[in-house]
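All remarks here apply to the structure that follows.
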Amino acid sequence: MQSELHNSLLPLGSFNRRLAFYMAAFVLFIVGFVFGVYHLCFLFAAVLSALLLSSIWVRVSHKALRVEVRGPCEVTCGDEIEITTEIANDGVLMRAFVEVALPKMRWLKPIDPEHAQRTVLLIPPKNTTSVSFRLKAQKRGIYEYKHVLMLTRDPFGLFCAVKAFPCYYRLTVLPRVISIPFMWSTAGYIFGELNESNGEMSSTGMEFYGVREYHPGDPWKRIHWKVTAHTGRLSVMEFEREQHGNAVLVVDCDKRAHWGDGINASIEHAVMLAASIAGELLRLGASVTLVAEPFIPTPGLAVESYGELKVLLYELARIEPIDAPSAIEVIHKARKLYGRSATLVAVLTEHSNDAKQVAQDCDICVSIHDGFALIEANALNVKHMLHLPSGEM
């Protein structure tokens, strides 16, 4: 990034430098021709002094400067964020013509590309100036800024210098959670928490717990209309179960099963669906255990309530395709460990090893295809097709 910034700005400085030299030579020639050698020597010394002072200005402008980067620690994929760079001048001299740029991150795109680099015209001594950058998080993951690049110029634009100032800023972009409404009926029947005759939540083992804000995917029959009318926001009734179901969510991380790159890669769809299914299951009252070999090895990471969903999202944010055990191996290991008491949910792709066998061994199987996902519930012999989002968010 340092070389990119330097090369993008240096040609302008080189052009200014050549133009200044040509103009200086022309002026010196005219002065020498009209006024004589004495005036020529005086003007030459003045020009040389100006060039020397400009060069010194550029070299000392970085002195006594400190940089700190601030911003949110976590965002969701697709969110817009603002990262602020604070530049402190601890010296006794004013600093001017300072250009600031963040290192380029492929999936953190500047909202306004023209403002990817910001110029600070003046930094008073013993003072701090802030520069903000607005970015859009296009892909989940963990992003780290370990330095900020600063370019200084002289007032005439003849010289420039680039320096990387060390800093540390870590941003976690969490996967998106989308609504999968039919997971309520599919998983609900498997957990035995829905009445087969009318599809409503059974009162057996359910006690009223309280009222909370509506989340996408919550059944409309649970809306508490009095609280909604009083607060002006959709609110739903929450129940506490005497016994919680247990779901084991397995994500196939084997790179042989995945394809594509960037925001439309199959692993991105798999992680998004895993996060969404985990959210739906937790809202149903089931505890969810996440297994994603080798990032989260068996026995996995377990959470008990919807309020802990972010714990799973943090783990899902760092998953990438890698040399990993095949899906069938992980499924057999999980089934052997948890037995039939747990509902086994697998998220894989159409290219996963023994995908058909995996689908038969799971209670719920989510298979990623090109442009859509197929969700199968073997216990109910039902299938749902879900269209996957594509393109930039």
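The values are calculated or read from the model by the stated rules, or taken from the named source; none is laboratory data. Just so we're clear, the structure is a prediction, and the values are computed from it rather than from any experiment. In this analysis, Cβ positions are derived from the backbone assuming ideal geometry, glycine residues included, and neighbour counts consider all displayed protein chains.
Summary table below
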{"read-out": "First in region 141-160 and without any contact (Cβ under 8 Å) to a residue 60 or more places away in the chain, second anywhere and basic (Lys, Arg), Cβ under 6 Å, 6 or more apart", "value": "Glu144/Arg170"}
{"read-out": "Set Ser341, Ser390, Ser352: member being within 24 Å of the chain's Cα centre (by Cα) and modelled with pLDDT under 85", "value": "Ser390"}
{"read-out": "Residues within region 42-75 that are crowded, with 18+ Cβ neighbours inside 10 Å and on the phi > 0 side of the Ramachandran plot, tallied", "value": "0"}
{"read-out": "Residue among Ala327, Ala377 that is of a type outside the set (Lys, Arg), touching a helix residue (DSSP H, G or I) at 6+ places or on another chain (Cβ under 6 Å) and over 25 Å from Arg140 (Cβ atoms)", "value": "Ala377"}
{"read-out": "Residue within region 263-281 that is surrounded by fewer than 23 Cβ atoms within 10 Å (Cβ to Cβ) and among the charged types (D, E, K, R) present", "value": "no"}
{"read-out": "Selection within region 108-142 - out of contact with any His (no Cβ under 8 Å at 6 or more places or on another chain), modelled with pLDDT of 90 or more, crowded, with 19+ Cβ neighbours inside 10 Å and in a strand (DSSP E or B)", "value": "Leu108, Leu135, Ala137, Gly141"}
{"read-out": "Flag if Met94 is more than 19 Å from the chain's Cα centre (by Cα) and outside the structural domain of Asp261 (by TED's automatic domain parsing)", "value": "yes"}
{"read-out": "Region 364-387, subset at pLDDT below 85 and charged (D, E, K, R), residue farthest from Pro321 (Cα to Cα)", "value": "Lys383"}
{"read-out": "Any hit, region 352-370, residues being of a type outside the set (A, V, I, L, M) and within 27 Å of Ala137 (Cβ to Cβ)", "value": "yes"}
{"read-out": "Odd one out for Thr343, checked against (1) without any contact (Cβ under 8 Å) to a residue 60 or more places away in the chain; (2) of a type in the set (S, T, N, Q); (3) touching a Gly at 6+ places or on another chain (Cβ under 8 Å)", "value": "(1)"}
{"read-out": "Some residue of region 237-244 being out of contact with any Asp or Glu (no Cβ under 8 Å at 6 or more places or on another chain), farther than 28 Å from Arg106 by Cβ, of a type in the set (A, V, I, L, M) and at pLDDT below 90", "value": "yes"}
{"read-out": "Single residue of Ile180, Ile87 found to be outside any strand (DSSP E or B), within 29 Å of the chain's Cα centre (by Cα) and surrounded by 13 or more Cβ atoms within 10 Å (Cβ to Cβ)", "value": "Ile180"}
{"read-out": "Filtered residue count, region 90-101, keeping only those that are surrounded by 16 or more Cβ atoms within 10 Å (Cβ to Cβ) and within 16 Å of Leu122 (Cβ to Cβ)", "value": "6"}
{"read-out": "Within region 245-298, considering residues that are more than 30 Å from Lys136 (Cα to Cα) and polar (S, T, N, Q), the one farthest from the chain's Cα centre (by Cα)", "value": "Asn246"}
{"read-out": "Region 144-171, subset crowded, with 18+ Cβ neighbours inside 10 Å and within 14 Å of Trp107 (Cα to Cα), residue modelled with the lowest pLDDT", "value": "Tyr145"}
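Yes/no matrix, rows are residues, columns are (1) of a type outside the set (D, E, K, R); (2) touching a Ser or Thr at 6+ places or on another chain (Cβ under 8 Å); (3) not assigned by TED's automatic domain parsing to the domain that holds Phe372:
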{"position": "Arg318", "(1), (2), (3)": "no, no, no"}
{"position": "Ala324", "(1), (2), (3)": "yes, no, no"}
{"position": "Val330", "(1), (2), (3)": "yes, yes, no"}
{"position": "Lys333", "(1), (2), (3)": "no, yes, no"}
{"position": "Ser341", "(1), (2), (3)": "yes, no, no"}
{"position": "Leu344", "(1), (2), (3)": "yes, no, no"}
{"position": "Glu350", "(1), (2), (3)": "no, yes, no"}
{"position": "Ala355", "(1), (2), (3)": "yes, yes, no"}
{"position": "Asp361", "(1), (2), (3)": "no, no, no"}
